[in-house]
1. Assuming 0.36 nm per residue, please report the length gained on full extension of the stretch L199 to R73 beyond their Cα-Cα distance.
2. Could you order E92, E59, E119, E197 so the one with the most accessible surface comes first? Probe is 1.4 Å.
3. Can you give the accessible area of D85, probe radius 1.4 Å, in Å² rounded to 10?
4. Roughly how much of K74 is accessible, in Å² to the nearest 10, using a 1.4 Å probe?
5. Using 7 Å Cα-to-Cβ label points, what is the S109/E215 separation (nm, one decimal)?
6. Put Y281, Y264, Y165 in order of accessible area, largest first, 1.4 Å probe: what do you get?
7. Suppose R0 equals 45 Å; then what is the FRET efficiency for F116 and R237 from their Cβ-Cβ distance, rounded to the nearest 0.05?
8. Starting from the 7 Å offset along Cα-to-Cβ, what nm value, one decimal, do you get for the label separation of H283 and M157?
Amino acid sequence: MTTDSTLNPERTSRGASMLQREEMVRERFDERPNQQQQQQMQAQMAGGVACPKCGTVNEPEAMFCASCGTPLRKGSCPNCGSEIDMDADFCETCHHYIRRDVCSFCGASISESDTFCPECGSPRGGIVCPTCHTLNDFSFCKQCGTPLTEQAKQLVMQLRLDPDYRQMVVLAKEFDQLEMEVPQASHRDEVRNERSEQLRERVLKLLAQDKGLPEPKFNPEPENAHMSKEELDRKKRQVLDRLTQLLDSMAVPQMPSPATVRNYAMAQKPAGVRLAWVCNYKHALHSSPCGCAKPQLGGKWIVLGHNSKDVIKDDI
């Protein structure tokens, strides 16, 4: 038999009170800080520094996280005052190399009194590119890619012996030629061009006969001649896929020295195709690793193409 709660006000009041207590407990549980927040609170109370990435509590004077290596403090650019990571050697705001104790060309240690690097002999003030006359702080010209130091030239020669690099250069040239190719607009244009070519060959044969010369030999049409837009796009996609696979396989891993990453990446850059450097630091598009603040984290080249709408970070 069902009991009407209105006839038992004491029971109704007890049930409402229990619901209120459950609600209060739930609210208190939701308001409890998570583990990372607790660690940050403990760090503040103990004077330590909590890592913003993993939450590890570090010593008060620590510059980097002891667990994951994340910088715990920010520095400022000595040229423009912009906020930068403590382990950055390049300011992406004013585009200046900012380390005074490390050679930008080879990564060797130098002192304030050194005008030239004691390891590679490069000048502290930079090198002017003999090709485009751009002043550079790194071993390769950030504008045209010309190797500027002996170390850079030797690195280029070594990479030219790599089979993957050779194949990449061939694909880059083929893709550039396809980008410049003009597809056949319509079947009517194709028929008109074919008739024009037949007429040209006939006239040249008649002229040769009149002069008593042997008939001229005509070269076969190139493979890409008179391709439709669909055929041209399909071939470009095929070449681009192969080139992208090679560039992915040649991605530069994380290395201790920023100079090593910049030099290796610039040496492997193929000419004749529009590329961008995707850094692992901010996953931003740079015209080259020379414009990345932390290239030591690695990155890779990607193909943009002539009609790409991707925006390259203005770093030169």
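1. Extra length available between L199 and R73 comes to 37.8 nm.
2. Accessible-area ranking of E92, E59, E119, E197, largest first: E119, E59, E197, E92.
3. 20
4. Looks like 120 Å² after rounding.
5. 8.0
6. Y264, Y281, Y165
7. FRET efficiency, F116 to R237: 0.40.
8. Each label point is offset 7 Å from its Cα along the Cβ direction, giving 4.1 nm.
The values are calculated or read from the model by the stated rules, or taken from the named source; none is laboratory data. Being a predicted model, the structure only gives us computed values, none of them experimental. We place every Cβ from the backbone using ideal geometry, glycine too, and count neighbours over all the protein chains shown. Just so you know, the surface numbers come from the protein's heavy atoms only, side chains and all, with ligands and any DNA or RNA stripped out. Shrake-Rupley method; radii C 1.70, N 1.55, O 1.52, S 1.80 Å.
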